[in-house]
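Inspection log for the structure reproduced underneath, given as structure tokens.
Only the coordinates and a few stated rules stand behind these numbers; no lab work does. Small disclaimer: the values here were computed from a predicted structure and weren't measured. As a convention, Cβ positions derive from the backbone with ideal geometry for all residues, glycine included, and neighbour counts pool all protein chains shown.
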Amino acid sequence: MPAILFVEDDATIAMGVEYSLKQDGFQVSLAYCLEEARSLVKGSPFDLVLLDLGLPDGSGYELCKEIRAAGDTPIIILSARDEETSIVLGLDLGADDYITKPFRLHELISRIKAVLRRRGPAEAVDRTLICGDVTVVAQQAKVYKNGREVLLTVLEYRLLLMLILNQGRVLTRSQILGSIWDVDEDFVNDNTLTVYIKRLREKLEDDPQNPALIKTVRGLGYQAGE
């Protein structure tokens, strides 16, 4: 039974989500502020942390940074802030996913399961993949550009792997969301996918403003390579 820490200062939201997660087989611990969450994190390990950003004694960003510095526990941020800068900051601090409020419980549970599943063994891809000057050693889940390793988050890696496995093909937004997030496209904020593509380009492109590895096909989706 996966153990989840839910950090949320709104008791109504916290108890509603707690009930739904328990009904779905999760073990849930609630924290209503940063200090309470810090105490719980020190006391026992969790399989995943759900983290609100607006807390009475500080920002959830602080806890996200602390948890990531201490280990690789998956973190999903829940926030009403849907602007790109907030999503980028959360991901930069180590969050595995970012869900904007209001959200549907089906969406939340689906994305929790997706993150936990991605933390398990990688899918059976056992070859080395090459696209331009980028190499993916799939068995090791490692990415190199011009021979130098590039560190990617779990979602960044999965997105890159999907694009390179379909090198030369245009993948629609719906195809990407269905594969990476395991949900319908309505469940993911428009900015979230845009942010992940942008982050991959910043890490892998020589000129992120004029991408050669991951191209936008206007009106259709994205394409890796030619």
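If you build the convex hull over the alpha carbons only and average its shadow over all orientations, what do you get for the chain? Give it in nm² to one decimal.
Numbers: hull surface 49.2 nm².
Seen from a random direction, the Cα hull of the chain projects 12.3 nm² on average.
Given contacts defined as C-alpha pairs under 8 Å and at least six residues apart, what's the relative contact order of the chain, whole-number percent?
Numbers: 353 pairs, mean separation 31.6, N = 226.
Computed value for the chain: 14 percent relative contact order.
Each residue of segment 47-60 in order: what ³J(HN,Hα) in whole Hz does its phi give by Karplus 6.51 cos²θ - 1.76 cosθ + 1.60, θ = phi - 60°, with x for Gly and Pro?
Result, rounded to whole Hz: 7, 6, 10, 9, 10, 7, 8, x, 10, x, 10, x, 9, x.
Where the convex hull is taken over the Cα atoms of segment 3-118, what is its projected area averaged over directions, in nm²?
Working: hull surface 25.7 nm².
Approximately 6.4 nm², given one-decimal rounding.
Starting from the Kirkwood radius over alpha-carbon pairs of segment 15-59, derive D by Stokes-Einstein at 4 °C in a medium of 1.567 mPa s and give it in µm² s⁻¹. Intermediate results must be reported in sequence, preceding the final value.
On the way: Rh = 11.5 Å.
Calculated translational D: 113 µm²/s.
Which of the GluC sites (Glu not before Pro) found in segment 32-124 are loop residues per DSSP with 15 or fewer other Cβ atoms within 10 Å of their Cβ? Each step should come with its number before you reach the end.
Values: sites: 35, 36, 62, 66, 83, 84, 107, 123; in loops: 83, 123.
Of the GluC sites (Glu not before Pro), the ones in loops of segment 32-124 whose Cβ has at most 15 other Cβ atoms within 10 Å are 83, 123.
Return the percentage of antiparallel bridges among DSSP beta bridges fully within the chain, rounded to the nearest 5 %. Intermediate results must be reported in sequence, preceding the final value.
Numbers: 20 of 37 bridges.
Of the beta bridges lying entirely in the chain, close to 55 percent run antiparallel.
What are the equivalent ellipsoid semi-axes of segment 128-224, built from the alpha-carbon gyration tensor (square roots of five times its eigenvalues), in whole angstrom, biggest first?
Details: eigenvalues 87, 43, 31 Å².
So the equivalent ellipsoid measures 21, 15, 12 Å along its semi-axes.
If you take every DSSP beta bridge whose two residues both sit in segment 1-78, what share of them, in percent to the nearest 5, is antiparallel?
Working: 2 of 15 bridges.
Bridges in segment 1-78 that DSSP calls antiparallel: roughly 15 percent.
Given the Cα-Cα distance of residue 203 and residue 23 and 0.36 nm per residue of separation, how much length would full extension add, in nm? Don't skip to the end; give the middle numbers.
On the way: separation 180, 0.36 × 180 = 64.80 nm, distance 4.01 nm.
That pair, residue 203 and residue 23, stretches by 60.8 nm at full extension.
Residue separation times 0.36 nm, minus the C-alpha to C-alpha distance between residue 216 and residue 113: what's the value?
This chain segment gains 34.2 nm when fully extended.
Rounded to the nearest 10 degrees, what's the angle between the helix 11-23 long axis and the longest principal axis of the chain, both from Cα atoms, 0 to 90?
Result, in degrees: 70.
Compute the acute angle (0 to 90°) between the alpha-carbon long axis of helix 154-165 and the principal axis of greatest extent of the alpha-carbon atoms of the chain; round to the nearest 10°.
30 degrees
Using the alpha-carbon atoms, what tilt in degrees (0 to 90, nearest 10) does helix 190-204 show relative to the longest principal axis of the chain?
50 degrees
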